[in-house]
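One structure below.
The values are calculated or read from the model by the stated rules, or taken from the named source; none is laboratory data. Since this is a predicted model, take the numbers as computed values, not measurements. FYI the Cβ positions are ideal-geometry reconstructions off the backbone, even for glycines, and counts take in every protein chain you see. Heads up: the accessible areas ignore ligands, DNA and RNA and are worked out on the full protein's heavy atoms, side chains in. Shrake-Rupley method; radii C 1.70, N 1.55, O 1.52, S 1.80 Å.
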Amino acid sequence: MGEILLAIDQGTTSTRVLAFDAEQLTVKAVHQIPLKQYYPSNGWVEHDAEEIWQATVTCLKTVLEQLSETTDSDTPTSIGITNQRETTVLWDRKTGHPVHKAIVWQDRRTASHCEELSKDTRLLKAVKEQTGLLLDPYFSATKIAWILDTHPDLRQQAQNGDILFGNIESYILYRLTHGGSHKTDATNASRTMLCDIRQGTWSEDLLNVFDIPKTMMPEICDNTHNFGSISSGLPGAGLPIYGMVGDQQAAAIGQACTQKGSIKSTYGTGCFLLENTGQQLVYSQNRLLTTIAYQTVGIRSYALEGSIFNAGTVIQWLRDDLGILKSASESETIVSELGSTDGVYFVPAFTGMGAPHWDADARGMITGLTRDSKASHIIRAGLESVVYQTNDLISALIKDGASKPGIIRIDGGMAANDWFAQFLANICDVRVEVPRSLEATAIGAALCAGVGEGRWPTLADAAKTATMEKSFKPVMTNDERQNLLSGWHKAVARCLL
Ligand SMILES: Nc1ncnc2c1ncn2[C@@H]1O[C@H](COP(=O)(O)OP(=O)(O)O)[C@@H](O)[C@H]1O
Ligand SMILES: O=P(O)(O)OC[C@H](O)CO
């Protein structure tokens, strides 16, 4: 009989449940449901939290059915939750139903509010010191404020304690426990712009600034914690929930980046590069974010993070909107046949630019087109843009005092593309490692649950199960690299104007 760790991985574009064999961390069962995206206005992105909840239940039910059909009598021992971070859900305490569409991390509707608040230099300093973040629409605080300001009735109910806030992990937990557990974890809390990451507690000061009632806020817990058990009537009833972690931090754990100085980069909808800085809080001078990497037994490890808003979305846009790709994987074959983009650059600022520029108003641009440019050049420029943006993040880390990295571990959907991994190695001049399983995020959640249930003593011990499969070494000359980068920087400068 095999023991199983389950993981709910609620991402920007889909909801998934995975069952891992607890010893080898191989996937024993998986079910995935795509998530509808709503774009109601320029720069706005929304999800339906009820749809997310229903999809979670269906995925959980299907995976448990798949497990029951195996001959190994696999038995789940606990479950971990990982999620797209920052996305903001407000719900009714009594019914558990959302009272507004979830405002997604990519949504820029609060850009002017952030700009207005940014005139207050004392506030900017407080945000940086307390939360490690920049005052930007990306984070949950101004999204919550927007809902409460736009719907005075909801503000009144929130003040009465009838409306609760949580990110996706907190909402799923609330529904899984039939309202019994209103909790979050330190990594997700650190992305709200309301958490004092020095202590791992809600900042009274910032709750006041954004006019957010504290009664709405979930309790902040370790990533490895007894969050409650799945309630009766739901699939997996009685199963303990022992892990909870934001998806980028989960990927860092799943990629065994538990040592100070280790770096991972995840390529899903966006790209998020994290460097573990140990128990030391490092503030960036180059517009990277300081964030909680994980917290166990009340002890926090920190990370510097570079967040790029558009990575996999580039490929999706080329496929679904321009129709010049049949599938995401086809991009690899098409670009491998080209020597270069012939001077075409694609800056995918669909929803503004993240680190290190943080320009909410920037919008995308394709430059260098000639009469000879083909669809394949645009596809290649799209893939290259994700690499150049990663290089910009590494340059910012180095300016912040990090040594030039020797290795970067990558995962997420785009990491399946070998051409992309090789170009990344070439441009960033580092060895790029790809793990045996690209499911680093879900593995990270399963590892948190495993530590929570006492299977491993620490996350570092748990992460020893992670194994690398492929490695890409840089093979580009420095001249060629600098030449390509100089073209990229010119294109970005035009986009930011
Ligand atoms: N072979 C590939 N080459 C390039 N991009 C890919 C490839 N396979 C998947 N992708 C991209 O990866 C993304 C999906 O990654 P995933 O980690 O599942 O995302 P998320 O967690 O954000 O929902 C999609 O945007 C898709 O376009
Ligand atoms: O859903 P992903 O994988 O694109 O990740 C979203 C991030 O957590 C946003 O900060």
**Debye equation applied to the C-alpha atoms of region 35-139, log10 I(q)/I(0) at 0.20 Å⁻¹** = -1.09
**Residue-averaged [θ]222 nm for the chain, counting only DSSP H segments that reach four residues, each worth -39500 (n - 2.57)** = -10000 deg cm²/dmol
**Complete:** For region 142-220, the per residue accessible area (1.4 Å probe, Å²) is 31 Å²
**Request:** Arrange the peptides 80-92, 297-309, 200-212 so that the one whose residues have, on average, the most other Cβ atoms within 10 Å appears first.
**Result:** 80-92, 297-309, 200-212
**J(HN,Hα) series, region 283-291, from Karplus relation 6.51 cos²θ - 1.76 cosθ + 1.60, nearest Hz, glycine and proline x** = 9, 7, 9, 10, 6, 8, 9, 9, 9
**Item:** Percent of alpha-carbon pairs separated by more than 29 Å within the chain
**Value:** 47 percent
**Prompt:** Roughly speaking, to the nearest percent, how much of region 306-363's 1.4 Å accessible area is carbon and sulfur?
**Reply:** 48 percent
**Prompt:** When the Cα atoms of region 448-497 are enclosed in a convex hull and the volume is divided per residue, what value in Å³ results?
**Reply:** 158 Å³
**Item:** Reference-scaled alpha-carbon Rg (2.2 N^0.38 Å with N residues) for region 1-65
**Value:** 1.34
**Complete:** Computed ³J(HN,Hα) along region 362-376: with the Karplus parameters 6.51/-1.76/1.60, θ = phi - 60°, integer Hz and x for glycine or proline, the list is 4, 10, x, 7, 10, 10, x, 6, 10, 5, 8, 5, 10, 4, 4
**12 Å Cα-Cα reach of Lys94 towards aspartates and glutamates, excluding residues that sit fewer than 8 places from it in its own chain** = Asp162
**Request:** Using only C-alpha atoms and all pairs of different ones, pull out the Kirkwood radius for region 215-359 in Å with one decimal.
**Result:** 18.3 Å
**Complete:** To the nearest Å², the heavy-atom accessible area per residue of region 30-70 with 1.4 Å probe amounts to 50 Å²
**Message:** Quick check for you: with a 1.4 Å probe and neighbouring chains kept, what is the accessible area per residue of region 305-461, in Å²?
**Reply:** 35 Å²
**Request:** Report ³J(HN,Hα) in whole Hz for each residue of region 487-492, in order, from the Karplus equation J = 6.51 cos²θ - 1.76 cosθ + 1.60 where θ = phi - 60°; Gly and Pro get x.
**Result:** x, 4, 5, 5, 5, 5
**Message:** Restricting to bridges with both residues inside region 318-456, how much of the DSSP beta-bridge set is antiparallel, in percent to the nearest 5?
**Reply:** 50 percent
